[in-house]
Amino acid sequence: MGLCPLHLETRPSFYVNVRKNLFYCHGCGQGGDLIRFVELSQHLSFRQSLTYLEQQSAGAEPDAVLRQASAFYQQQLDHYPEARRYLEQRGVRDPALIRELQIGYAPGGNLRCHLLAQGYSLGLLKRTGLINRKEHDALFQRVVFPCCRDSHIVNLYGRSINTAFTHRFLPGSKGDLVAWESVRQFPSVILVEGIFDLAVLWQAGFRHATCSLGTHLTSEQFRQLCDRPRTVYLTFDVDANGSGQQAAQGLAHRLRAQGITTRRVLLPLGHDPNSFFVQGGEARQFHSLLEEALP
Ligand SMILES: [Zn+2]
């Protein structure tokens, strides 16, 4: 029961019967099923209402189910000490930061049941990739992080807490640069490739850091970096085979062509920002590295 969306009123007279999927308003006398409600509220014909509902459910459902999955995984984190231990190993200790980044844990084997009980169809769970073809949870013993676009969750990123498997996304886009809405205001930003690089930098006070979840930026992520004049500190891994720095050089070249100032931050050999801080690096030292960054 609530205020009628179809006429102006101050006391609720609008009733919805969720079992029969019907509504009725005692104020204006309108009533009917979901399609009738769309006809009246959106001023559409019957046929147009069907199309409207089709689009709504196609777009909204994956978003809703990914949000549910992410919330569920965040709750799980408290029940699995091994996940907490893994985060500690990666230098991520601050509970507020864990909440802010919406970090969760997928133990595997309990998501499917939870979401089916919420009323999501198995077909939808498979379409989003949360459930694999064998109808098992796709994410198993992974620390999970939601990927967003315009504040909608579009994907989940999972890092295995066992070293045997590296990382994976569900099918689909990896979304925007992480936390871009809060980072984009800074005249200079630090770009890192990994979510745990980002976490330790934020923890150390470098709030102007963002993350592309891999060295290969999507065209949308690239466009975001170029949305105004700024300096980008590319802080990719410094690995022995040089792949991180090669990626940074290529990206710097493309960014400069768009009028963006770039600096390449050189961590000690074999390090990424995460290992730098986990192995005792201090904010002061990282600050010097930013100042010494190569043009
Ligand atoms: Zn009414």
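With the simple spin-label model, which puts each label point 7 Å out from Cα in the Cβ direction, the ARG223 to THR163 separation comes to 4.1 nm.
Note on region 132-199: with neighbouring protein chains present and a 1.4 Å probe, carbon and sulfur make up 52 percent of its accessible heavy-atom surface.
What's the magnitude of the charge dipole for the chain around its Cα centre, counting Lys and Arg as +1 and Asp and Glu as -1 at the beta-carbon? Answer in Debye, nearest 20. Please report the intermediate quantities before stating the final value.
Numbers: 31 positive and 26 negative charges, 82 e Å.
Its charge dipole is roughly 400 debye.
Placing +1 on the Cβ of each Lys and Arg and -1 on the Cβ of each Asp and Glu in the chain, which of SER288, SER45, TYR80 has its Cα farthest towards the positive end of the resulting dipole? Of the options given, the answer is SER45.
If I compute solvent accessible area with a 1.4 Å probe over the protein chains, what percent of it on region 201-295 is carbon and sulfur? Intermediate values should be presented prior to the final figure.
Details: 2260 of 4620 Å².
Answer for region 201-295: carbon and sulfur cover 49 percent of the accessible area.
Just the number, please: carbon plus sulfur as a percent of the accessible area of region 37-110, 1.4 Å probe, no ligands or DNA/RNA counted.
On the way: 2010 of 4140 Å².
Reported share for carbon and sulfur atoms: 49 percent.
Taking the solvent-accessible surface of protein heavy atoms with a 1.4 Å probe, what is the per residue accessible area of the chain in Å²? Numbers along the way, then the final one.
Details: 15800 Å² over 295 residues.
Accessible surface, normalised per residue, equals 54 Å².
The values are calculated or read from the model by the stated rules, or taken from the named source; none is laboratory data. Because the structure is predicted, anything quoted here is derived from the model rather than measured. So basically every Cβ, Gly included, is an ideal-geometry build from the backbone, and we count neighbours across all protein chains shown. Surface areas here come from the heavy atoms of the whole protein model, side chains and all, with no ligands, DNA or RNA. Shrake-Rupley method; radii C 1.70, N 1.55, O 1.52, S 1.80 Å.
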